[in-house]
Structure formats: C-alpha cells, structure tokens
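Peer 1: My questions all concern the structure below.
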Amino acid sequence: MARSATTSDVFNAIAEAQRRQIIDLLSHGERSVNDVAAALGIRQPQASKHLRVLKEVDLVSVRGSGQQRLYRLNGEGLKPIHDWTMTFEHFWEESFDRLDEYLKQIQSKEKKND
C-alpha cells in the first residue's frame, strides 16, 4: 500500500517529529527559518522543507519582514487534530474518575491505619 504524501492532511504532516517540534516552537511566537533551524539543531534546508509542508496543510503562515520570512502558527489549522482528540475525551474522563476513586480508597485505608 502506497504511503500518503506528507502534505495530504494535517495528520500526515504532524507525523514527523521535527514538524511537531516546529509547531511547539512557533506556539511561542514568530520565527525565521534560520531561528527554527538553530533551535532544532538542523540545517536551514531541512527547516525550510518542514515549514513548507506545514504551510501546505495550513498549520503555519508566513509573512515577509524585510529580507526575512517569518513563520507563525495557524491555530485554526490545528482544529482537525483537536476535534479528533476530543472524541476520546469520555475515555480520559472515565479513566480519571476511576483513578480518583482508587486514590480515595487508598487514602481511606491509610487513615484507618493511623
């Protein structure tokens, strides 16, 4: 089975660890491609390639500032990921409820032993 292109959707684009690191980095503000490369310890062409992929799936936008191109995170592009992960919210709530009940049982036992 052929692998989908990394630019086909947001999920494929973020499957690559360095692109997730770029998203984390840009969540703190705009960065130039050279800043991104330096922060991640990669070469500028690699950073440019990753930024291009993220731009193609609308996770980042770019604007010119003099001779630099500044990249920033596009929060709206993260919506498909957010929507998908929210389908698991009930699972986490149930898990946390069970954990809370278990911790209460342990605390109750500890109080009885004091």
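The values are calculated or read from the model by the stated rules, or taken from the named source; none is laboratory data. Nothing here was measured: the structure is a model prediction, and the numbers come from that model. Every residue, glycine among them, receives a Cβ derived from its backbone with ideal geometry; neighbour counts consider all protein chains shown.
Peer 1: Could you please let me know if Val62 is at pLDDT below 95, within 28 Å of Trp84 (Cβ to Cβ) and over 12 Å from the mean Cα position of the chain (by Cα)?
Peer 2: yes
Peer 1: Tell me, which residue of the range 32-60 that is on the phi < 0 side of the Ramachandran plot and not in a helix (DSSP H, G or I) is surrounded by the fewest Cβ atoms within 10 Å (Cβ to Cβ)?
Peer 2: Of everything passing the filter in the range 32-60, Arg43 is surrounded by the fewest Cβ atoms within 10 Å (Cβ to Cβ).
Peer 1: Can I ask one more? Out of the residues in the range 72-100 that are hydrophobic (A, V, I, L, M, F, W, C) and in contact with a helix residue (DSSP H, G or I) (Cβ under 7 Å, 6 or more places away or on another chain), state the one that is modelled with the highest pLDDT.
Peer 2: Leu73
Peer 1: If you don't mind, another one. Exactly one of these conditions fails for Leu103: (1) among the aliphatic types (A, V, I, L, M); (2) surrounded by fewer than 16 Cβ atoms within 10 Å (Cβ to Cβ); (3) modelled with pLDDT of 95 or more. Give me its number.
Peer 2: Going through the list (1) among the aliphatic types (A, V, I, L, M); (2) surrounded by fewer than 16 Cβ atoms within 10 Å (Cβ to Cβ); (3) modelled with pLDDT of 95 or more, Leu103 breaks only (3).
Peer 1: Exposed (fewer than 14 other Cβ atoms within 10 Å of the Cβ) and either touching a Ser or Thr at 6+ places or on another chain (Cβ under 8 Å) or without any contact (Cβ under 8 Å) to a residue 24 or more places away in the chain (or both): is that true of Gly29 in this structure?
Peer 2: no
Peer 1: State all residues of the range 6-26 that are without any contact (Cβ under 8 Å) to a residue 24 or more places away in the chain, of a type in the set (Asp, Glu) and surrounded by 14 or more Cβ atoms within 10 Å (Cβ to Cβ); if no residue qualifies, say none.
Peer 2: none
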